[in-house]
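Report on one structure; see the data block that follows.
Derivation of every value follows stated rules applied to the coordinates shown; laboratory data play no part. No experiment lies behind these values; they were computed from the predicted model shown. Methodologically, a virtual Cβ is constructed for each residue, glycine included, from the backbone with ideal geometry; neighbour enumeration extends over all protein chains shown.
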Ligand code: HEC
């Protein structure tokens, strides 16, 4: 029965010759586990596309609804949290897979003649992927999303001459708002997918035209060759399965929490970008002041251009690593810098005392209610009431503060401090801020 069907289809679609074309591609030097990263990347891309389609069923890209619809996906939709988890961890995994693929191609000198175009299209695919990461990060419309995107778009504004126009195009106006969100959503789900599918097609087409590069030793490559099917297909499939299990385990066990809803008025929030942009974020911190343009566009621009044209810059035809000391040293130095920056950034994130968001809000409430009119903090403010620079040293008790703020006279008879109309949350945040004013943490 199955055979009959196959024959029927084969007679019409020429399946036999198609499977020849797809599966019998010879791999010089034979199959290897080291060639799996390209397929792993492709697989993860498909995973992102699929999970993204399901997320789009519920997500509504507007400032009024984006955050709530993501909450809805996370808490109400059946397995919504899992699909969102897959999409989140898949995005990270795709970056790792591309990184490894790039590393393998670089180490093997597989970008050299005749594969220069293959490399260049690959670099474009990497840039598109980063575009996915950047646009996707805004979509949940939480504090992190909003302020990280603010940092990102402000960087674009620093480009001379065209920067202003560019950033307006990016935001869809003067400020980050509703138009930015719908724009990022359209780019994330329509423009970039179209572009990347085309790019992947060209990448694969070029790969089939020039063939896989194989090992760096020419003798080894000439000695034998092995078709793509079955062994390489098997290896690729195993890796895809492994990658899926890994991403699914992460999605199942590690929830990716939403921050608070985006609040464009809250300038106290310090955003943290995705880990694959962290090294760059750290770099930006070092390059403040007059050096800033160097970090925001000069060096990234030169780097991308250099990466794109790398096969033309490094035209030494030798592929063996031992004969390419400069290329390998350059690659190694770059990785060293990136990982050092990433390390410092992670170190800072996890060891420096974090500003509790409640403390930050409390600080804002303090400013809003004119507490400074009577109270001095680190040299700023009035002298009617006591200096509050280290108030928590004297008064470490939360209940005392809440009682005092509700009605100063109740704990401090005869006090001239007015009571303020604060709700529970404000009261709590304000107290968190006051309790944070102590001598050993006055730096933060
Ligand atoms: C009109 C001036 C005035 C304003 C405005 C004012 N305070 Fe006071 N505050 C005082 C005075 C006077 C005292 C000392 C008497 C007391 O403890 O109530 C005081 C005491 C305090 C203390 C206790 C300090 C200590 O060392 O015992 C805290 C905490 C405090 N204020 C917080 C605030 C906050 C928060 C606000 C803003 C919501 C605020 N105050 C606004 C006058 C003011």
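In table form, for the structure just shown:
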| quantity | calculated |
| --- | --- |
| Highest-fluctuation residue, 14, 403, 363 considered, GNM on the chain with Cα pairs under 10 Å | 14 |
| Binned Cα-Cα distances of segment 357-441, short to long, each 10 Å bin given as a whole percent | 18, 57, 24, 0 |
| Ranked 208, 376, criterion: other C-beta atoms within 10 Å, fewest first | 208, 376 |
| Label point distance in nm, residue 71-residue 190, each placed 7 Å from Cα along Cα→Cβ | 2.8 |
| Degrees, to the nearest 10: 66-75 long Cα axis against longest axis of the chain | 80 |
| Choice from 242, 109, 414 with maximal GNM fluctuation in the chain (Cα, 10 Å cutoff) | 414 |
| Efficiency of FRET from Cβ geometry, residue 254 and residue 351, R₀ 22 Å, rounded to 0.05 | 0.60 |
| Debye intensity ratio in log₁₀ form over the Cα atoms of segment 94-148, taken at each q of 0.12, 0.18 Å⁻¹ | -0.40, -0.67 |
| Computed helical MRE - 222 nm, the chain, DSSP H runs ≥ 4 contributing -39500 (n - 2.57), nearest 500 | -20000 deg cm²/dmol |
| FRET efficiency, 1/(1 + (r/R0)^6) with R0 51 Å, evaluated for residue 1 and residue 344 via beta carbons | 0.20 |
| Relative contact order of the chain, pairs being alpha-carbon contacts under 8 Å that are 6 or more residues apart, as % | 20 |
| Candidates 140, 160, 321: whichever shows maximal mean-square fluctuation once the chain is modelled as a Gaussian network with Cα springs under 10 Å | 160 |
| Contour excess over end-to-end distance, with Cα ends at residue 220 and residue 270 and 0.36 nm allotted per residue | 12.6 nm |
| Point-to-point label distance, residue 200-residue 100, nm (Cα→Cβ direction, 7 Å offset) | 1.8 |
| Spin-label pair residue 373/residue 305, simplified geometry with 7 Å Cα→Cβ offset, distance in nm | 5.7 |
| Stokes-Einstein translational diffusion, the chain - Kirkwood Rh over all Cα pairs, 1.306 mPa s, 10 °C, in µm²/s | 61 |
| Sites residue 210 and residue 151, calculated FRET efficiency, Cβ-Cβ separation with R0 41 Å, nearest 0.05 | 0.55 |
